[in-house]
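The structure under discussion appears below in the form of structure tokens.
The values are calculated or read from the model by the stated rules, or taken from the named source; none is laboratory data. For clarity, every value in this text was computed on a predicted model and none was experimentally measured. Please note: Cβ atoms are built from the backbone with ideal geometry, for glycine as well, and neighbour counts cover all protein chains shown.
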Amino acid sequence: MNRNTTIRTFAIASIATLLAACAGMPGAPSAAPAQPNAPAATAAAPAAADATTAPVASGEKITLRIASIWDATSMEQMQPVLDDYMKQNPNIQIAVDNTAGSGAAVYPDVLKTALASGNPPDAFFMWGGEIAGPFIDADQVLNLNDFYKQYGWDKVYGPWTLDRISRNGSKFGVPYTAHGMGFWYNKDNFAKWGVEVPKTFAEQEAMCEKLKGQNVYCVSIGGKFGWHTMRILDYFIEHQCGPDKHDQLNALTLSWADPCVVASYQSFQKWVDNGWVVPDFLTVSPDDSRFPFFKGDAALVLEGDWYESVLKNNEQDNKKYNFYLPPTDQTPLRFSTFPEQFMISKDGKHPNETAAFLNWLTSPETAKKFPTAFASSATIGANPDCNEWPLTCGLRKEVLDAKSTYPPTDQAFQKELMDGFFEVQDNIVAKKLTPEEGANLMQQRVDEWKAKNKK
Amino acid sequence: MTESLLLPKRNATVATRLRRSWPTLLIWIGLIFLAALWLIPFIIILLTSLRSMNDLISNGVFAWPQRFLPENFAKAWSIGNFSVYFRNSLILILTKVPLGILIAALAAYPLAKMRFRFNNAIFVIFLIGLAIPVQVTLMPLLVMMKQLGIAGTLPALIPPYVVFGLPFQIFVMRGFFRTLPNELIEAARLDGCSEFTVFWRIMLPLSGPALVTLFIIDALGTWNELLIALVLINSEAWLTVPVGLLRFQGQWASRYTELMAGVVISIAPILFIYIFLQRYLVSGLTAGALKE
Amino acid sequence: MTHTRPRRRIRLTPYLFLLPALLWYLIFLGYPMFYSFIISLTDWDGLSRGSNWVGLSNYTSAIFQDQVTILALRNNLIWTAGTLVIPTTLGLLFAVALDQKLPARTLLRSIFYSPAVLPLVAVGLIWAWMYNPQFGFINEVLKAVGLGRFARGWLSMFETALPATFLTAIWTGVGFSMTVYLAALQGIPREQYEAARMDGATGPRLFWNITLPWLREAHVIVLSLAVINSFKVFDLIYTMTYGGPGRSTQVMGTWMYFNAFQYYHAGYGSAIAWIIAIITLVVAIPYVRRMSRD
């Protein structure tokens, strides 16, 4: 071997390395599917030992990738639904990517990277309001007005859900669920403690005081991601500020340094100081808030229409429970509601098939066939068996009939501003800020956000 | 023979020996106690992972499990999709680690054994890589991978993983090569071997221990890496173990028993390898850290 | 056939060997760093096609205006100070203790080092479980020994969240400095001690005058890496506190991630990343100098 051979070997080795770098995968043997853009991973099939690749559209078979937040229990209910669709449409494969457990905290990030990487899911689950805002503004989802005409969706879903998924007059999502939230309580425990469902805010607070005397916490919160705590704060804002001001605050047309906001923060601090809230809740995860509630250490949780299935899954007797809408002393009595939707990626490869699937998914017929999976459907007329799910039916009636509701604040704000909201809320709880300081800081965050995002 | 820093020279008398050895005894007892403390987290998660939630809620974390529930592991494994995560991490290790070490060894050879003008400068450039935070490459990497069409998939991790492993690996290989006698190389050169042959047939084979050590260290680092994988991979099918574990936590947020089972599953292979191969690990660290 | 090779020809070979590494470095480290710097001078959101030039305003607003960045920097400094003192000193003490002939020495060493091989996500989850307010080991122990009034939500209180996370980092980090110091200690020639003993020196004197100087190099390594890694902290914080409660445990590493990948502020996030890089690169200079000296 002489010098020339050395140089040649090196040149080849370097170029090979360079090419390998460009191709990403240096020709190594691997079990990875050959089509990196279409992995089909069904997240919860119990024997999902390996993710097999569905044959990509080389002819008829299509894979629709759906991103969602379904946890293990939910997937158990959704899988038969998906299987049914696949049976009816043998050329379509549905693959689900789930990011569960942390609510709106982690899933949007995962989604953002998926969209940024140019490899988006065909459809993805999303909450309504401003949480979906960034995706619409960054032009990553399809405008669905045409599909609405095609499928007549305007008649299918509860009216206020359509409002929440619209933006600038166009519709960007298909409402999937409609949720409303109230205080859930254990009827037996209430009898035991000698308290009744309050009708006014004063009665609510009196109830908490009475419970305190019996060493029971009034409400159980899991503050880890901020949004569980926010629900209680939203209730106080509705009570202290009233419907109009509340809406203005959400639209950022009223200053958050307004006295009614200060009063809301003061209410919250009062509840914490009086020991009406479970202690040390700031990094308790929202799911964990159920433990004191089930155990009887706390009287209330502020949860939604999905809670009946939570009760059932945790072996609680749902006949012992009920809910009531938190009294706000305002007219109309509004409560917190929010829809969830499916949006279609702009860069998705099969928009028509995706729309067809979503149409089927949210149709009343499908909901009737799989009542438990669609217990909170936004579709008018889709109700679960009200004998089995009395509480769900009851709350759903309130939800879909409601004329006037308010969204949870995390659907009114984008994440950056929302984190500021959470920051203020947590600081007040921990007494790092007084309510006045908190309100001022909140307005400061609003101003900063507006400046940074040129709104 | 290790000299003790703290003991005065040993005396033959039994009495004095006993009297003088109690500091050591105390130290040893202290160490045992600390070691027990160190192991507590492992013990706790193992115990937690073997119980049922009801047991945990009713009896607290101290109590011995009412019933042992190995089913937790089966459940965590299947629902947690760990087989996929393990597969992905393993593929990554088997492709990335040899590639990275080869590139590093190739670079280390001239840095160790050849004289040329920019030798030291280039070495310094590589060393600086140890201080560079991953964050400063994340956004561009995402864009680059998107342009290459591999964003969101496993191959996207290989280039950044290799590049961040190079500084340490070059340092260690260079250090090791320098210990190899020059006579071997001279002899080979005189025989007419090309440099590449010298490298491939002499230097590499003699570097067995260093290569094994680097392999283990790099494999561990690859298995454990979080941030780059968090940013570049988002589809369930391509998650590596750390990111998968985060998602798993989301799935099981309040079911601590299954959650701990998942944690145990994800660290078991590492601990297994550690127990058997730790001497390579230790020697590699010290070789990289200290000059021989 | 033998003949002397002209000097000019040999010079190509080293570069050929170095080519793959250098190219890789350039493409996947150098270029991204450069590109990242360019992004940091714009207001790019990470997704849209266009962006506007804003010069250094991302940097100035980060350092002088953004309360959270200042908080994050402060947290990093606290973390660094803690890392410089606690795990390193503990590591040294452990190393000194283990340098002696003790039974089960290797086992003890393995135990102390073992946390360092685990993925930090797992470590974070393990310790979050230990800190759990309702079921965690730590609170249970406190209650069991009658110190129940100290039991609290360690990761949920502003005062204790960062220290609690740091304790976890100690558990993970002592092993490394212990290993480095141990290797250094075992490299000290015995004759040094013999000679000093002959001169009448005993225990502490020996340590101070013989051992410590020989550890100088180990110090540089351990301390430099401590600082560099302290500014890169991400995994533990992200897993255990997610920056909370409020934003009190945000560090530069996580704040960069939040800004760049959650708030659609790629430009600003890149500036924060570069601030981290500048700090770690400056700190690394003595370390690199030492390592590259022959």
Note on the stretch A:391-431: residues aliphatic (A, V, I, L, M) and under 27 Å from A:Leu254 (Cβ atoms) are A:Val399, A:Ala402, A:Ala412, A:Leu417, A:Met418, A:Val424, A:Ile428, A:Val429, A:Ala430
* To do: Confirm whether C:Gly124 is among the small types (Gly, Ala, Ser) and at pLDDT below 90.
  => no
Just one listed residue, out of C:Ile38, C:Ile86, C:Ile111, is within 10 Å of another protein chain (Cβ to nearest Cβ), over 30 Å from A:Asp109 (Cα atoms) and either assigned to a helix (DSSP H, G or I) or without any contact (Cβ under 8 Å) to a residue 40 or more places away in the chain (or both), and it is C:Ile111
The lone condition C:Ala161 fails out of (1) of a type in the set (A, V, I, L, M); (2) more than 14 Å from chain A (Cβ to nearest Cβ); (3) surrounded by 23 or more Cβ atoms within 10 Å (Cβ to Cβ); (4) in contact (Cβ under 8 Å) with a residue 40 or more places away in the chain is (2)
Exactly one of B:Ile158, B:Ile150 is modelled with pLDDT under 90, within 14 Å of chain A (Cβ to nearest Cβ) and crowded, with 18+ Cβ neighbours inside 10 Å, and that residue is B:Ile150
If we keep only residues of the stretch C:251-274 that are under 16 Å from the mean Cα position of the chain (by Cα) and more than 7 Å from every other protein chain (Cβ to nearest Cβ), then the residue surrounded by the most Cβ atoms within 10 Å (Cβ to Cβ) is C:Val251
Reported set for the stretch B:195-223 where residues are under 13 Å from B:Leu92 (Cα atoms) and surrounded by 23 or more Cβ atoms within 10 Å (Cβ to Cβ) is B:Asp218, B:Thr222, B:Trp223
Matching residues in the stretch A:313-367 (in contact (Cβ under 8 Å) with a residue 60 or more places away in the chain and in a loop (DSSP other than H, G, I, E, B)) number 16
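Yes or no, residue by residue, for (1) within 14 Å of chain C (Cβ to nearest Cβ); (2) within 17 Å of the chain's Cα centre (by Cα); (3) modelled with pLDDT of 90 or more; (4) surrounded by 21 or more Cβ atoms within 10 Å (Cβ to Cβ):
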{"residue": "A:Glu388", "(1), (2), (3), (4)": "no, no, no, no"}
{"residue": "A:Lys397", "(1), (2), (3), (4)": "no, no, no, no"}
{"residue": "A:Leu400", "(1), (2), (3), (4)": "no, no, no, yes"}
{"residue": "A:Gln414", "(1), (2), (3), (4)": "yes, yes, no, yes"}
{"residue": "A:Ala430", "(1), (2), (3), (4)": "yes, no, no, no"}
{"residue": "A:Pro435", "(1), (2), (3), (4)": "no, no, yes, no"}
{"residue": "A:Asn440", "(1), (2), (3), (4)": "yes, no, yes, no"}
{"residue": "A:Gln444", "(1), (2), (3), (4)": "yes, no, yes, no"}
{"residue": "A:Trp449", "(1), (2), (3), (4)": "yes, no, no, no"}
All-but-one check, A:Ser74 against (1) at pLDDT below 85; (2) within 18 Å of the chain's Cα centre (by Cα); (3) assigned to a loop (DSSP other than H, G, I, E, B), failing number (3)
Worksheet item: Is it the case that C:Trp79 is crowded, with 17+ Cβ neighbours inside 10 Å, not in a helix (DSSP H, G or I) and not aliphatic (A, V, I, L, M)?
Response: no
The condition of being assigned by TED's automatic domain parsing to the domain that holds B:Gln135 and closer than 25 Å to B:Phe171 by Cα holds, among B:Ala210, B:Ala237, B:Ala261, only for B:Ala210
| query | Does A:Ile136 count as out of contact with any Asp or Glu (no Cβ under 6 Å at 6 or more places or on another chain) and in a helix (DSSP H, G or I)? | reply | yes
Counted residues in the stretch A:280-307 being free of Cβ contacts under 8 Å to residues at least 60 places away in the same chain and in a loop (DSSP other than H, G, I, E, B) come to 1
The residue from B:Pro209, B:Pro242, B:Pro205 that alone is modelled with pLDDT of 90 or more and either of a type in the set (A, V, I, L, M) or not in a loop (DSSP other than H, G, I, E, B) (or both) is B:Pro242
Across (1) at the interface with chain C (Cβ under 7 Å from one of its Cβ atoms); (2) farther than 26 Å from C:Pro32 by Cα, B:Leu127 clears everything bar (2)
On the basis of being in a loop (DSSP other than H, G, I, E, B), more than 10 Å from chain A (Cβ to nearest Cβ) and touching a residue at least 24 places away in the same chain (Cβ under 8 Å), does C:Val233 make the cut?
yes
Among C:Ser51, C:Ser61, the single one that is more than 11 Å from chain B (Cβ to nearest Cβ) and not in a helix (DSSP H, G or I) is C:Ser51
Of the residues in the stretch B:53-110 that are among the hydroxyl-bearing types (Ser, Thr, Tyr) and free of Cβ contacts under 8 Å to residues at least 24 places away in the same chain, the one that is surrounded by the most Cβ atoms within 10 Å (Cβ to Cβ) is B:Ser78
